[in-house]
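Comments concern the structure below.
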Amino acid sequence: MNPEKVVFGFFIVLALTLNFGFFVGELDNPSHHHAWELFAVVVVNMIATVLKFGDRTQMGAVLLATSLVAMLQLIAASLVWTFAVYATDAGLTASIMASIVSLSGGAMIANVVSVTLLVIETVMLRR
Amino acid sequence: MDTIFFLVLRRMRTPLLTLIVAYAVAMAGMAIIPAQDADGNPTTMSLFHAFYFVSYMSTTIGFGELPNAFTDAQRIWVSVSVFVTVAVWIYAIGNLIALLQDTTLQRAVAERRFRMRVRRMAHPFYLICGYGQTGSTLVKGLTDRHLHAVVIDIDPERISLLQLDNQREFVPALCADARSPDALESAGLKHPLCRGVVALTNVNEANLKIAIAAKLLNAESKVICRADSHEIEANMASFGTDHIYDPFDAFALYIAVAIQAPCQTLLVDWLSGFTGDTISEPHYPPHQGRWVICGYGRFGKAMYKHLKEQGLDLAVIEAAPHKTGIPAEGVVHGRGTEAVTLEEAEIRRAVGLVAGTDNDADNLSIVMTALELNPDLFVIARENRLQNKELFDRVGAHAIMNPSTIIARRIRVRLVTPLLADFSNLARFQDEVWASSLVARIIALVEERMPYVWEVSVDQERAFALHDAQDRGLHVTLDTLLHDPRNRERQLRAIPLLLIQNGERILLPALDERVEAGDRLLFCGLEEARWRMDWVLQNIHALRYVATGESQREGAVWRWIAAWQRPR
């Protein structure tokens with residue numbers, strides 16, 4: 001067992017599960033989507049991205065790319081949230097909540113791809 | 001590129017992770033701990049404010065408490081997180097700086113920059129392996145004529161020396177082992193503009209490997225090598241190395257020719273010298289009598305062979321004859337630095353001396369002792385290290401043999417003015433009278449300085465006007481080219497040495513010889529004459545003026561003005 005691989009797999013899967021946790025619930029209902037969850041998703045995704053740095057294989061490059069996509073989506077989501085709450089008078093309306101959650105949904109797809117690739121790589125290694 | 005990028009990413013992984021975790025923990029703490037608003041009502045800090053606060057807390061420690069004054073619980077947390085986040089920042093930045101100073105990274109960056117520069121070379125260039133005495137002289141000779149070069153050397157000190165040397169053209173240099181094909185490739189061996197590879201390292205095997213790699217990786221490249229032994233020379237020749245230079249053999253042959261034809265040797269010396277140097281005096285090595293050769297190594301053997309062919313009486317002095325072999329005449333055992341040994345070789349009866357050991361101190365000592373015994377000797381000294389030049393200049397030797405200078409000069413002539421090599425070969429069949437009359441003409445032309453030698457190719461690019469002259473009905477002869485474009489009554493100070501026309505080589509062509517497209521010419525004279533002549537070659541007005549004496553106005557408006565002026 002390679003401890004590095006354990007940490008690596010842990011963070012990639014955690015990024016997906018947290019992302020899913022934030023995503024589930026009514027799309028436009030703010031009480032179904034908590035700010036802390038988004039915070040955790042962003043932090044864990046960042047860690048997962050940095051862990052993917054410096055891998056020269058083709059698989060490593062694709063994994064890094066999916067993580068970068070997820071980061072982009074999540075940072076966009078948190079920016080929208082911050083702007084809505086602090087920079088506009090309307091506050092966190094249902095439509096804005098919907099766009100935040102759909103952005104995180106996009107990030108979740110990237111995370112799903114990431115986990116799938118991880119699984120494929122593991123399976124190929126076994127063989 | 002890839003290597004550097006991944007190197008940086010991999011090394012930055014831990015610092016970045018620590019940074020992210022430290023930020024996340026500090027932010028979470030700030031947002032969890034109960035806060036108070038301005039009126040003292042309990043509230044919590046939002047994640048956005050926490051991020052804002054932590055960002056400036058960890059980078060600068062001069063801040064206020066935002067958005068509201070903190071509770072004591074928050075202050076406790078801040079005082080802990082200040083130390084953690086600041087320490088993590090310092091750690092991350094320190095790591096990045098250490099990474100930039102890393103030698104592996106620096107070498108990777110230097111190599112990448114070198115590759116980029118070579119790839120972007122827009123002019124034909126030569127790849128020179130080895131920047132020792134020979135290499136540096138050659139690079140100087142090439143760049144002085146605006147030819148480009150790329151240098152590889154294994155010694156970092158020599159590469160930094162190259163950067164200090166003042167070259168006229170930029171010379172990309174890489175510190176690498178030229179024996180590795182990778183290094184050769186990154187130095188542009190496969191570049192379409194790479195004209196040739198010159199292997200000048202002081203290791204024979206390295207030169208051999210470079211020659212092989214060059215021929216295998218780029219069959220069209222010209223390969224020029226230095227070889228110090230006949231075995232290596234034969235090996236190099238076997239797979240088609242274009243030019244192989246053996247300094248010892250080259251010099252011995254030079255002396256042999258000088259014995260037969262001193263004027264011819266002087267002529268070739270002048271034409272292949274550095275322009276602007278003071279012209280050298282002719283040597284008159286004695287062509288009969290006894291010669292003493294000290295040292296029977298590579299140089300001694302080459303001298304022995306060529307002097308023997310001249311029918312001279314030879315005596316050889318060698319300290320270790322069991323290693324070097326013994327010539328037919330037998331050998332005087334000793335180093336030649338002592339009077340006894342020289343006497344034994346009958347130095348007082350001799351006319352010439354070759355001090356040819358591989359030790360400069362010995363050579364100097366031999367020359368000094370021998371000249372004391374017999375001041376009328378013609379002395380040839382072998383100078384192994386260029387830094388001893390001043391000593392050799394003073395010791396009173398008539399000819400000084402320096403392997404690096406000889407090779408550098410030969411290769412420079414071969415690369416810069418290939419026609420001059422043809423000229424020297426043709427001149428060898430001419431007699432001394434011919435040579436001395438040409439020498440006299442050159443002296444009259446250039447006075448005290450070495451003449452400037454240049455080639456002219458009549459093609460679209462380098463002689464645009466001349467190339468199209470026939471279409472414009474201009475009759476151009478060599479004489480036309482030798483007129484000054486500023487005042488056609490005056491002659492340019494240049495002599496045409498060689499004309500190559502339809503594959504035929506004409507030595508010292510007559511001035512009424514016609515010049516046509518596709519011709520190649522070799523001139524010698526003043527450098528200034530070349531720049532004047534370039535006007536005639538490239539500018540149609542200048543050409544028309546020297547050919548016909550009239551300066552026509554070529555543009556539509558000017559022709560109209562000329563037509564208007566004429567009736568008045």
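Here's the yes/no breakdown for (1) under 46 Å from the mean Cα position of the chain (by Cα); (2) buried (at least 18 other Cβ atoms within 10 Å of the Cβ); (3) hydroxyl-bearing (Ser, Thr, Tyr):
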site	(1), (2), (3)
B:Thr59	no, no, yes
B:Phe83	no, no, no
B:Ile90	no, no, no
B:Ile93	yes, no, no
B:Leu99	yes, no, no
B:Arg113	yes, no, no
B:Lys140	yes, yes, no
B:Thr265 meets each of (1) in a helix (DSSP H, G or I); (2) of a type in the set (S, T, N, Q); (3) in contact with a Phe, Trp or Tyr (Cβ under 6 Å, 6 or more places away or on another chain) with one exception, condition (3)
Is there a residue in the stretch B:269-286 that is touching a residue at least 40 places away in the same chain (Cβ under 8 Å), closer than 24 Å to B:Asn359 by Cα and either touching a Leu at 6+ places or on another chain (Cβ under 6 Å) or not assigned by TED's automatic domain parsing to the domain that holds B:Val197 (or both)?
yes
Check your understanding: Taking the condition without any contact (Cβ under 8 Å) to a residue 40 or more places away in the chain, facing chain B (nearest Cβ under 10 Å), of a type in the set (Val, Ile, Thr) and crowded, with 16+ Cβ neighbours inside 10 Å, does A:Val80 pass?
Key -> no
Here the residues within the stretch A:52-66 that are surrounded by fewer than 22 Cβ atoms within 10 Å (Cβ to Cβ) and either away from every other protein chain (no Cβ under 11 Å) or modelled with pLDDT of 90 or more (or both) are A:Gln58, A:Met59, A:Val62, A:Leu64, A:Ala65
Counting only residues in the stretch A:33-44 that are more than 10 Å from chain B (Cβ to nearest Cβ) and part of a helix (DSSP H, G or I), the one farthest from the chain's Cα centre (by Cα) is identified as A:Glu37
All conditions in (1) more than 30 Å from the chain's Cα centre (by Cα); (2) free of Cβ contacts under 8 Å to residues at least 40 places away in the same chain; (3) part of a loop (DSSP other than H, G, I, E, B) are true of B:Gln460 except (1)
Here the residues within the stretch B:54-64 that are touching a residue at least 12 places away in the same chain (Cβ under 8 Å) and away from chain A (no Cβ under 14 Å) are B:Met57, B:Ser58, B:Thr59, B:Ile61
Apart from one, (1) at negative phi; (2) touching a His at 6+ places or on another chain (Cβ under 7 Å) all hold for A:Gly25; the odd one out is (1)
Residue pairs qualifying under the 6 Å Cβ cut-off, at least six apart or on distinct chains, with the first in the stretch B:243-266 being under 15 Å from B:Trp434 (Cα atoms) and the second being hydroxyl-bearing (Ser, Thr, Tyr), are B:Pro262/B:Tyr284; B:Cys263/B:Ser436
B:Ala187 vs (1) more than 16 Å from the chain's Cα centre (by Cα); (2) closer than 16 Å to B:Arg119 by Cα: all pass except (1)
Per the filter on the stretch B:13-53, residues more than 7 Å from chain A (Cβ to nearest Cβ), surrounded by 15 or more Cβ atoms within 10 Å (Cβ to Cβ) and touching a residue at least 60 places away in the same chain (Cβ under 8 Å) are B:Pro15, B:Thr18, B:Leu19, B:Ala22, B:Tyr23
Query raised in the report: Is there a residue in the stretch B:458-472 that is modelled with pLDDT of 85 or more, touching a strand residue (DSSP E or B) at 6+ places or on another chain (Cβ under 7 Å) and of a type outside the set (Asp, Glu)?
Result: no
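Against the condition part of a helix (DSSP H, G or I) and away from chain B (no Cβ under 14 Å), how does A:Ile100 come out, does it pass?
no
The values are calculated or read from the model by the stated rules, or taken from the named source; none is laboratory data. Note that the structure is a prediction, hence the values are computed from the model and not measured. Neighbour counts are summed over all protein chains in view; Cβ atoms, including those assigned to glycine, are modelled from backbone coordinates with ideal geometry.
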